[in-house]
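Each value in this text was obtained by applying a stated rule to the coordinates, not by laboratory testing. Because the structure is predicted, anything quoted here is derived from the model rather than measured. Heads up, the Cβs are rebuilt from the backbone with ideal geometry, glycines too, and the neighbour counts pull from every protein chain shown.
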Amino acid sequence: MGKELQARGIRVNTGTIVDATIIGAPSSTKNADKARDPEMHQTRKGQQWYFGMKLHIGVDSQTGLSHSAVVTAANVHDKHPLPALLHGNEQRVYGDSAYASQKALIASKAPKAKDFTNQRTRCAGEVDEVQRAKNRNKSRVRARVEHVFAVVKRLWGFTKVRYRGLQKNATRAFTALALANIYLCRWHLQAKVRP
């Protein structure tokens, strides 16, 4: 799919936005095995617990199209699949505060990249207003990753897993991301078709 989009003039540029979302799985044990899916795990986000898997994606910072994805159990921290989400030619890497302390990991995969991840603003109970303003500017770019998640979850309905195990659900997630790329650049693709 990526080669087809590149042939039409849509290409991955020099910035990557990384983020992850939780895809829920049934936590019920009312099945033939009397057990939950062993490949899915639970995690806590805020004050709530979720059971399922995580979809980690790398999105181009200019076009907003996803170029890499990794599926893990929900209890895997966002920083662990980070090297698989970078293509290596980045000059900027954007991410939320989960990626704040990953400068060395980003530099090992993308040596020319500058770290534009959001930094923590609270230190010893004090809020650093300068850092908060910088984070707000970074978040204007970083918000593009949420458009991909909106298409995958709201339009394609991938809020819950359909199968047992990570592999089958990963195949479904990668297909949903490919369709989301087509959907997000549909106007550009249609303009090329017109005479």
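Here is how the numbers come out for the structure above:
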quantity: Percent antiparallel among DSSP beta bridges (both partners in the chain, rounded to 5); calculated: 75
quantity: Relative contact order (percent, whole number), the chain, Cα cutoff 8 Å, 6+ residue spacing; calculated: 23
quantity: Amide H contacts under 5 Å for LYS114, placed H, 5+ residues apart; calculated: ARG92, VAL93
quantity: Residue order, fewest to most beta carbons within 10 Å, for TRP187, TRP49; calculated: TRP187, TRP49
quantity: Listed residues ARG144, ARG44, ARG172, most fluctuating in the chain (Gaussian network, C-alpha, under 10 Å); calculated: ARG44
quantity: Among LYS112, LYS79, LYS45, residue whose mean-square fluctuation peaks in a GNM of the chain (springs only between Cα atoms under 10 Å); calculated: LYS45
quantity: Dipole in debye (nearest 20) - the chain, about Cα centre, beta carbon charges: Lys, Arg +1; Asp, Glu -1; calculated: 400
quantity: Segment 60-176: relative contact order in percent, alpha carbon pairs under 8 Å with at least 6 residues between; calculated: 24
quantity: Table column - 3J(HN,Hα) (Hz), segment 132-137, Karplus curve with 6.51, -1.76, 1.60, x for Gly and Pro; calculated: 5, 5, 5, 4, 5, 5
quantity: Where the Cα pairs of segment 107-183 fall when distances are cut into 10 Å bins, in %; calculated: 15, 27, 28, 23, 5
quantity: Neighbour-count ranking [beta-carbon atoms within 10 angstrom, fewest first] of CYS185, CYS123; calculated: CYS123, CYS185
quantity: Backbone HN-Hα couplings from phi across segment 126-131 [Karplus 6.51/-1.76/1.60, Hz, Gly and Pro as x]; calculated: 9, 9, 8, 5, 5, 5
quantity: Among the listed pairs LYS79/LYS138; LYS103/LYS160; LYS103/LYS134; LYS30/LYS79; LYS103/LYS138; LYS45/LYS103, those beyond 22 Å (Cα-Cα); calculated: LYS103/LYS160; LYS30/LYS79; LYS45/LYS103
quantity: For segment 2-188, average projected area of the Cα convex hull in nm²; calculated: 12.2
quantity: Theoretical ellipticity at 222 nm over the chain - DSSP helices of four or more residues, -39500 (n - 2.57) apiece, nearest 500; calculated: -9500 deg cm²/dmol
